[in-house]
Amino acid sequence: MTRPEKISRMVGSRNTNSGVRIKNSRVRKRKTGMTRKQVLLAGLILLLFMGSGISYVWSNFEMTQRGYDISELRTEEMRLLDKNRKLRLELAILESPQNLETLAHKLGLRQPTPDQIIVLK
């Protein structure tokens, strides 16, 4: 093709009023410039970061929950220790000789006579 033919062809493909070339072909999609392997690798790295972030948050949540559980158990332990102390005190009062003597008199019991005592050998 000669130069004048190229020029006439170019002039024919341009708008005669504005001189702007008109292109009626479809617009091509932009490519990312990455191969499939690179896209897969980027996705894998993204999943790895997401997984590590989720595991970090989960471990902190579990640690907080364990702290609450330990606090509740310590409170329960203190309550049970206090109850145990009160029950031991009540047992000591109930086993005291003065209390037993008072209960015996209320029930109508009296001291045994010497002939009622039997010594076992």
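The label-point distance for Y56 and V119, in a model that sets each label 7 Å from Cα toward Cβ, rounds to 8.5 nm.
Electrostatic bookkeeping for L87 treats Lys and Arg as +1 and Asp and Glu as -1; over the other residues with beta carbon under 13 Å from its beta carbon, the sum is +2. Based on alpha-carbon atoms, the Kirkwood radius and the radius of gyration of segment 52-121 give Rg/Rh equal to 1.56. For E76, neighbours were defined as the other residues whose beta-carbon sits under 12 Å from its Cβ, and their charges (Lys and Arg +1, Asp and Glu -1) total -1.
Values quoted throughout were computed directly from the atomic coordinates according to the rules given, and no laboratory measurement underlies them. Computed from a predicted model, the values in this text were never measured in an experiment. Note that each Cβ is placed from the backbone with ideal geometry, even for glycine, and that neighbours are counted across all protein chains shown.
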